[in-house]
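Q: The structure under discussion is supplied below as structure tokens; questions concerning it will follow.
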Amino acid sequence: MPGNNGRHHQFKKNFKKDRPLIDENNPVLKAFQAYAIELDAKHDRYERIVKMSRDITIESKRIIFLLHSIDIRKNNKQKVLDEAQTRLEKVITCNFKAIAEELHDHDPYQFRGAYSPGLQEFIEAYTFMEYIKYVENEEDSNQGEMIDWNGLQKKMTYPAGEDNADQSNSVEKSFFVDPNEYILGVSDLTGELMRRCINSLGSGETDTCLSCCKALQKFYTGYFSINVRRCRELSRKIYTMRQSVLKAENVCYNVKVRGGEAAKWGAMFDGKSIGDDIDEGFF
Amino acid sequence: MSNFVNLSLFENYQKYIDNEQEMREKIRVIVREIEQLAKEATIQLQVIHYDLEKIGYACAGARKQISACAESYKKLAELIPVGQYYRYSDHWTFITQRLVFLIAMVVYLEAGFLVTRETVAELLELKTNQAEGFHLDIEDYLMGILQMASELSRFATNSVTMGDYDRPLNISRFMADLNAGFRLLNLKNDGLRKRFDALKYDVKKIEEVVYDISIRGLRNGAVEEAAAVPPTAEAVANNDSPPNADNKTE
């Protein structure tokens, strides 16, 4: 039966850093103090990862923007591609490594919400870079295949450092690439391909339009074939993807029907109607 | 046509999610077992609201169901690969919270103190440290405790109805401790925070019951009463002051 042992009247003062003073003889408060420490540790870790993820998102968006600046009239393709690749590698070796260290010995699924936006955006940027590198390469076209989650996982595994003096560096760490996140990230790539398709129409690279459209159609087929239950995020993205495919197909139709004049026409019309939703609202 | 997009990628992904679905099916079967047991325990504990004599009996019955749950949890622990607890945890968080609530209720009714996370974990044969394996999540524990607070406020009113005027005072003191405990936590704007916000209504409800009893002198030996009241009054004051968690919201 509930008892009253009068423990409320005894107060012993104890100074602990950052913690409120509590009655040391009260077992409930003592227990909660321990819970508070545990919860704070978890929340702090979560927040730190959210911050890192945000940096990755921003850098990835900038890289995508950079890749869109490739223009045949400026002849800057190789230069832009090299820069994008270097920056992406840097994100892997710095930003993702930092998250890997934060998540070391922790359940990555517990912090999924914290890093997922950054990871998806990064996958979008990385595959977009690969697309331009492999598909739109004049000299040696069709040389590569898009990286899959295993490939990415390999890139995001950081071997133990040789420097044994540094304890934190002595074990292999890896950032876990969840196939779900990968698939969601790649689905965003289709939006970029659609943009690339329409921009190329503006600059008159009709071949690029056609190859973008083909890739889009293939992606759409692939995504269409996946049978997932109860994943609203993915079905929403597939719906958006369908819009992108339709836009790109419309561009290709115009290329075919109007031939050379399509460039002018497209620049006037399609480019504008698309311009509104170019940014996903991050900046 | 480029081979940039490899459709086998999607086949692999399909295999991956099919495996996951299979796993989820297996989990669901076990979770359903636990749900059934928890339901039986909940039903048994309902007796406290209309028959104070049977509390001991109800607790013993509920304990049986609870220890049966440990078996199912063991199965879950074997099923879930190391480091994937939170991948599937949405299947069992709800029922785990429910069980924490049941255990906390039983322990309070039997012994009158707040069950610790360690004891709950022990009864369900779970770990408390995440690194050691299948564990009792801290937030699930706290959510379960908050559920108990609501049930206790109901219990306080019903004990008065049944003529037990001492019990609400004990409950009130217990809740004041609990409330003070929760105030030590820095809660984020999440589910736990929302559930915690409801605690003040439970506390208030009990304070009202205690007030009604005290003002009417319904307790035996109403004179000694005065000594027992201060902690209650203190809890009321604590409750009226701006909740200190509010300072932490952004």
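The values are calculated or read from the model by the stated rules, or taken from the named source; none is laboratory data. Since we're looking at a predicted model, the values are computed, not measured. FYI the Cβ positions are ideal-geometry reconstructions off the backbone, even for glycines, and counts take in every protein chain you see. These area figures cover heavy atoms from the full protein model, side chains too; ligands, DNA and RNA do not enter into them. Shrake-Rupley method; radii C 1.70, N 1.55, O 1.52, S 1.80 Å.
Q: Tell me the carbon and sulfur percent of the accessible area for segment B:52-121, rounded to whole percent, probe radius 1.4 Å.
A: Carbon and sulfur together cover 57 percent of it.
Q: Just add up the charged neighbours of residue B:150: K/R +1, D/E -1, any other residue whose Cβ is under 10 Å from the Cβ of residue B:150.
A: Around residue B:150, the surrounding residues sum to +1.
Q: Of the residues B:103, B:66, B:215, which exhibits the maximal mean-square fluctuation in a Gaussian network model of chain B defined by a 10 Å Cα contact cut-off?
A: B:215
Q: Something else about it: How many angstrom lie between the Cα centre of segment B:42-56 and the Cα centre of segment A:186-222?
A: Taking the Cα centre of each part, segment B:42-56 and segment A:186-222 sit 67 Å apart.
Q: Give the long-range amide H neighbours of residue A:174: residues separated by 5 or more places, or on another chain, with amide H under 5 Å away, using H modelled in the peptide plane at 1.01 Å from N.
A: A:158
Q: Just counting partner chain Cβ atoms within 10 Å, what average do the residues of peptide A:25-37 show around their Cβ?
A: Whole-number average of other-chain Cβ neighbours for A:25-37 is 6.
Q: Right, another one. I'd like the Karplus ³J(HN,Hα) series for segment B:170-183: coefficients 6.51, -1.76, 1.60, θ = phi - 60°, whole numbers in Hz, and an x wherever there's a Gly or Pro.
A: Values per residue, Gly and Pro as x: 5, 4, 4, 5, 4, 5, 4, 4, 4, 4, 4, x, 5, 6 Hz.
Q: Compute the FRET efficiency between residue B:20 and residue A:150 as 1/(1 + (r/R0)^6), taking r as their Cβ-Cβ distance and R0 = 25 Å, and round to the nearest 0.05.
A: 0.90
Q: For segment A:178-270, with only Lys/Arg (+1) and Asp/Glu (-1) charged at the beta-carbon, what is the dipole magnitude about the Cα centre, in debye rounded to 20?
A: So the dipole magnitude of segment A:178-270 works out to roughly 360 debye.
Q: Just counting partner chain Cβ atoms within 10 Å, what average do the residues of peptide A:204-211 show around their Cβ?
A: 0
Q: What's the total accessible area buried between chains A and B, using a 1.4 Å probe, rounded to the nearest 100 Å²?
A: The summed interface area works out to 5100 Å².
Q: Let me ask another. Rounded to the nearest 20 debye, what is the charge dipole size of chain B about its Cα centre when +1 sits on each Lys and Arg Cβ and -1 on each Asp and Glu Cβ?
A: For chain B, the charge dipole is close to 220 debye.
Q: If the cut-off is 19 Å between C-alpha atoms, which lysines fall inside it for residue B:54, apart from same-chain ones fewer than 8 positions away?
A: In chain and number order, the partners are B:39, B:64.
Q: Please list 3J(HN,Hα) in residue order for segment A:173-188, calculated via the Karplus relation 6.51 cos²θ - 1.76 cosθ + 1.60 where θ = phi - 60°; whole Hz, with x for glycine and proline.
A: My calculation for segment A:173-188 gives 10, 9, 8, 6, 9, 6, x, 4, 5, 4, 5, 5, x, 5, 5, 6 Hz in order.
Q: Given the pairs B:74/B:127; A:97/A:155; A:51/A:90; A:51/A:133; A:79/A:237, which are separated by over 21 angstrom at their Cα positions?
A: Correct reply: A:51/A:133; A:79/A:237.
Q: Search the structure for amide H atoms under 5 Å from the amide H of residue B:135, placed 1.01 Å from N in the peptide plane, and list their residues when 5 or more places away or on another chain.
A: Counting only residues 5 or more places away or on other chains, the set is B:127.
Q: In nm, to one decimal, how far is the modelled label at residue B:194 from the one at residue A:47, with both set 7 Å along Cα→Cβ?
A: Label-label distance for residue B:194 and residue A:47, simple model: 2.2 nm.
Q: From the phi of every residue in segment B:187-199, what ³J(HN,Hα) in whole Hz does the Karplus formula 6.51 cos²θ - 1.76 cosθ + 1.60 yield, where θ is phi - 60° and glycine or proline is x?
A: 8, 8, 7, 10, x, 4, 4, 4, 5, 5, 4, 7, 4
Q: Which one, B:124, B:27, B:214, is farthest towards the positive end of the dipole of chain B when Lys and Arg carry +1 and Asp and Glu -1 on their Cβ?
A: Selected residue: B:27.
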